[in-house]
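Engineer: After the structure tokens below, expect a handful of questions from me.
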Amino acid sequence: MSDELVRFSVAVPESLLERFDRLVAKRGAPNNRSEAVRDLIRFALERDECEDPDAQVMATLTIVYDHHTNDLKDRLDGIQHSNFENVVSTLHVHLDHHTCLETIILKGSMGVVKDISDQILGMKGVKTGGLTCTTIGNDPACIHQQGSGPVHSHDVCR
Ligand code: NI
């Protein structure tokens, strides 16, 4: 496989194409359908890759919760300590007297990351949240190569 650009034609309803062009223009790249279509293809591929429980991913889990709910804060800390090898970092923001926002950066296989995410999202007191992941290739070592090598991609999936 090479990265040589290949042209192909696609038939779509005119109204759909008009809406797509408006979206492309809104994103600041008018008349660049090609880049927008490439982004969509990468997004679809990334999404598919993230469904593989063995895929190596970096992920952010963002949650909003009420820190007064029973021992929620302790249970959240407990899960993160139990999975310290998968928890890269946590950012905590106090939104008001009761509500906290926390973003937890996770790494590892998608199966493990999803399991940690499900445990946290399922906790009583967690009001809302979502997981965003990006694949980083099957070599776990590549986590440490992000500054120097193009081993990872930047598309997101849910
Ligand atoms: Ni807080």
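Engineer: So how far apart, in nm, are the two label points at ASP48 and SER2 if each is 7 Å from Cα heading toward Cβ?
Structural biologist: Spacing of the two 7 Å Cα→Cβ label points: 2.3 nm.
Engineer: With a 1.4 Å probe and all protein chains kept in place, how do HIS98, HIS81 rank by accessible area, largest first?
Structural biologist: From most accessible down to least: HIS81, HIS98.
Engineer: Same structure again: Tally Lys/Arg at +1 and Asp/Glu at -1 over every other residue whose Cβ is under 15 Å from the Cβ of CYS100; what's the total?
Structural biologist: Counting the neighbours of CYS100, the net charge comes to -2.
Engineer: Please name which of LEU40, VAL12, GLY28 has its Cα lying farthest along the dipole of region 1-56 towards the positive end, using unit charges on Cβ (Lys, Arg +1; Asp, Glu -1) and the Cα centre as origin.
Structural biologist: Highest projection toward the positive end goes to GLY28.
Engineer: Pop a pseudo-label 7 angstrom from the Cα along the beta-carbon direction at both ASP77 and ALA29 and give the gap in nm to one decimal.
Structural biologist: 4.5 nm
Engineer: Tell me which of ILE120, LEU76, HIS92 sits at the most positive position along the dipole axis of region 1-142, charges placed on C-beta atoms (Lys, Arg +1; Asp, Glu -1).
Structural biologist: Final value for the positive-end residue is HIS92.
Engineer: Can you compute the FRET efficiency between SER9 and LEU101 using 1/(1 + (r/R0)^6), with r the Cβ-Cβ distance and R0 = 35 Å? Round to the nearest 0.05.
Structural biologist: Result of the calculation: an efficiency of 0.15.
The values are calculated or read from the model by the stated rules, or taken from the named source; none is laboratory data. What you are looking at is a predicted structure, and each value in this text was computed from that prediction instead of being measured. With ideal geometry, Cβ positions are generated from the backbone for all residues, glycine too; neighbour counts draw on all protein chains shown. Please note that ligands, DNA and RNA were not included when accessible areas were found on the heavy atoms of the full protein model with its side chains. Shrake-Rupley method; radii C 1.70, N 1.55, O 1.52, S 1.80 Å.
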